[in-house]
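As C-alpha cells, the structure follows; a few thoughts come after it.
The values are calculated or read from the model by the stated rules, or taken from the named source; none is laboratory data. As the structure is a computational prediction, the values presented were derived from the model and not from experiment. Here the Cβ positions follow ideal geometry from the backbone for every residue, glycine too, while neighbour counts run over all protein chains shown. We work out accessible area using only protein heavy atoms, side chains counted, and drop any ligands, DNA or RNA first. Shrake-Rupley method; radii C 1.70, N 1.55, O 1.52, S 1.80 Å.
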Amino acid sequence: MTGRALSRRTLLQGALVAMAFNPASRSWAATLEPGSLPLPPLEGALLMDAASLTAAAEDFGHIVHRTPCAVLVPGSVGDIVAMVRFARRQGLHIAAARGLGESHSTYGQSQVPAGIVIDMSALSTIHEIGESSAWVDAGVRWRQLLEATLPSGRSPPTLTDYIELSIGGTLSVGGIGGQAFRWGLQVDNVLELDVVTGEGELVRCSPSCERHLFDAVRSGLGQFGIIVRARVRLVEVPPRARTYTALYGDLHRFLDDQRWLIEDGRFDYVEGAVVSSAGGWAFQLEAVKYFTPGAEPRDDRLLAGLGFQPGTLQVTDSSYFDFANRLAPLVAMLQQLGIWEFPHPWMDMFVPARSAAAFVEEVLSQTTEADTGQGPILLYPFRSAALTAPFLRVPTDPHVFLFSLLRTAIPPTPENVAALVQKNRAIFERLTAIGGKLYPVDAVPLSHADWRRHLHPYWERFEYAKRRFDPARILTPGQGIF
Ligand SMILES: Cc1cc2nc3c(=O)[nH]c(=O)nc-3n(C[C@H](O)[C@H](O)[C@H](O)COP(=O)(O)OP(=O)(O)OC[C@H]3O[C@@H](n4cnc5c(N)ncnc54)[C@H](O)[C@@H]3O)c2cc1C
C-alpha cells in the first residue's frame with residue numbers, strides 16, 4: 001500500500017461523521033436536530049476533523065490559509081453532484097483541489113473559507129487509453145497518465161515542467177510547457193470534458209457539444225464547474241530525448257534565437273531560464289529533440305546558426321519519461337532539505353514579445369538572487385496562434401513569453417513573504433502597463449477591477465458564463481474574482 005493510500009485511510013478513520021448541517025449555526029451535526037438539514041447519502045466521506053481542515057487550508061504557496069468547514073473525499077462523481085447541489089441549497093462555497101494539502105496553488109486559489117473543499121485525488125482512475133486520446137479522472141496526475149500511455153509509445157503532447165500536477169487543476173488554469181509553441185497548452189489538447197456545473201448538473205462538453213461550457217471551464221479557474229473527467233489528446237512519441245542547454249550573455253540574441261527556434265520547429269521542446277552569473281544574470285537555452293535509437297539527432301544541424309556562448313553547450317540523452325519527469329530528483333532534494341515547505345510567492349507572467357527584452361531587463365535590474373531565494377526564473381516563448389481557450393488571457397502578439405519568478409521566501413518569515421508579494425504587485429502594475437497578462441497561478445493580490453481588466457475584452461462573457469453555470473456563485477471563491 002502506498003503512503004498516500006495509507007494517509008487517506010487514516011484520515012477516514014479519524015473522520016467525524018456528520019449526518020446533517022444546521023444552516024442557522026452554519027455547523028455540522030452528528031444527529032438530525034430540529035432545523036438541521038440531512039446530508040445527501042455519500043459513497044465517500046465528508047471530513048470535519050481538525051487535521052483534514054488544516055490540510056485543506058494549505059497549499060504550495062504557504063501564504064494564505066483559509067479553513068473550510070468540511071472536506072469531501074468523493075467516492076464517485078455522484079458524490080460531487082450531490083455535494084454541489086447541497087452546497088447550493090445551503091449557500092456554502094465549494095471548490096476542487098488536487099489533494100489535501102497538496103494543491104499547487106500559491107495564493108489560496110483552491111481554498112474555501114467556511115465552505116467545502118473537494119479532494120480530487122480521491123477520483124484518479126485512468127478509464128481508457130486509445131490510439132489518440134485517453135479518458136481520465138480529473139484527479140489523475142500527469143505523471144500517472146504518462147506512465148500508463150508510454151508503454152504504447154504515446155504521451156500527452158504538452159506537459160508541464162512538473163508532472164505531479166492534477167489534470168483537473170492544470171486544465172482549470174492552462175498547463176504550459178516547452179512543447180506549447182507547437183501544440184498549445186494542455187487546455188488546447190483536451191477533447192471532451194465531464195463537468196459538474198455550479199447548479200449540480202453533470203454535463204459532457206466538447207467543441208461540438210455544449211461548447212459554451214467547454215470553452216468556459218478550460219482555463220476557467222474553477223468558476224463554472226468542477227471538471228470530473230477529461231478525454232485528453234495523445235500523440236506518438238519516440239522513446240528517447242536529447243537535451244541541449246547553452247548560455248547566452250545577450251538577452252536580445254537569446255530571445256531572438258528562441259523565437260526563431262519556435263518558428264522553424266527543429267526542436268520538439270523549447271524553454272529557457274535566467275540564471276545567475278558573475279553577480280549578474282545570464283540566459284540559458286533549453287531545447288530538446290526526441291528520437292528513436294539508431295536515428296540519433298544531428299547536433300550540427302540542430303544547433304546551426306544559434307548565438308550561444310562557445311564552450312557553454314551541454315548535451316544529455318535520457319529516456320522520454322526521465323526527461324518529462326526531470327524535476328523529480330530536484331523536488332526530492334528540496335523536500336529532504338525542508339525548502340519545499342517554505343512559502344512560495346511566485347510571479348508568473350505572459351509578456352508580449354514586442355516588449356519582452358525591455359520588460360525582462362527592467363524586472364531583472366530590480367531583482368536579486370535573494371528575491372528569488374535561488375528559485376528558477378523561467379523565460380520562454382510560445383505562439384498565440386496555437387491557443388484556443390478564450391479565458392486563458394495572453395497579450396495580443398503572435399509570440400508571447402512566459403516569464404516566471406519562482407520565488408522561495410528565504411528566510412520564510414511573514415515580513416519577507418509580505419515584501420515579496422508586494423514586489424509581485426509592483427511588477428504586475430508594470431506588466432499591465434505594457435499589455436502583459438498574469439498566468440493566474442501565482443501570488444499577486446488582485447481586486448475585482450484587476451480581474452475585469454485581466455479578462456478584457458472577455459469580462460462580459462466570463463460574467464455571463466458565471467450567471468449561466470454558477471448562478472449562486474458558490475464555486476471556487478479562493479480566486480477572488482466575484
Ligand atoms: C512545483 C510546481 C510546478 C509547476 N509547473 C507548472 C508548469 O510547468 N506549467 C504550468 O502551466 N503550471 C505549472 N504549475 C502551476 C500549476 O499548473 C497550478 O498550480 C495549477 O493550479 C495546478 O495545480 P493543482 O493540480 O495542484 O491544482 P490546484 O492548485 O488544486 O487547483 C488550481 C485551481 O483550479 C481549481 N481546480 C482544481 N481542480 C479542479 C477541477 N477538477 N475542476 C475545476 N477546478 C479545479 C482549484 O479550485 C484552483 O482554483 C506549477 C506549480 C508548482 C507548484
Convex hull around the C-alpha positions of the range 129-196: the volume in Å³ per residue is 85 Å³
So, in Å, what gap is there between the alpha-carbon centers of the range 63-139 and the range 366-426?
26 Å
Using the Kirkwood formula on the Cα atoms of the range 3-122, what hydrodynamic radius do you get, in angstrom to one decimal?
14.2 Å
Surrounding net charge for Thr408, when Lys and Arg each add one and Asp and Glu each subtract one, Cβ distance under 12 Å
-2
Please state, to two decimals, what the Cα-based radius of gyration of the range 240-445 comes to when divided by 2.2 N^0.38 Å (N = residues).
1.06
In order through the range 226-235: 3J(HN,Hα) via Karplus (6.51 cos²θ - 1.76 cosθ + 1.60), integer Hz, x for Gly, Pro
9, 6, 10, 8, 9, 9, 9, 5, 10, 10
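So what's Rg/Rh here for the range 379-433, counting alpha carbon atoms and using the Kirkwood radius for Rh? Numbers along the way, then the final one.
Numbers: Rg = 14.9 Å, Rh = 13.5 Å.
My calculation puts Rg/Rh at 1.10.
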Taking only the Cα positions of the range 290-343, the convex hull volume per residue in Å³ is 142 Å³
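Explain nothing, just the number: relative contact order of the range 3-122, from Cα pairs under 8 Å at least 6 residues apart, as a whole percent. Mind dumping the intermediate values first?
On the way: 248 pairs, mean separation 29.5, N = 120.
For the range 3-122, the relative contact order is 25 percent.
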Taking only C-alpha pairs under 8 Å that are 6+ residues apart, what is the relative contact order of the range 126-237 in percent?
33 percent
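What net charge do the residues around Cys205 carry, taking every other residue with its C-beta under 9 Å from that of Cys205, with Lys and Arg at +1 and Asp and Glu at -1?
-2
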Within the accessible area of the chain (1.4 Å probe), percent carbon and sulfur
54 percent
Judged on accessible area alone, 1.4 Å probe, highest first, Lys437, Lys466 line up as Lys437, Lys466
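Would you kindly work out the equivalent ellipsoid of the chain from its C-alpha gyration tensor and give its semi-axes, the square roots of five times the eigenvalues, largest first in whole Å?
Working: eigenvalues 289, 120, 94 Å².
Values for the chain, descending: 38, 25, 22 Å.
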As straight-line cross-link partners of Lys423, the qualifying lysines (C-alpha separation under 25 Å, not fewer than 8 residues apart within one chain) are Lys437
Using θ = phi - 60° and Karplus 6.51 cos²θ - 1.76 cosθ + 1.60, couplings along the range 76-85 (whole Hz; Gly, Pro as x)
6, 4, x, 5, 5, 4, 5, 6, 5, 5
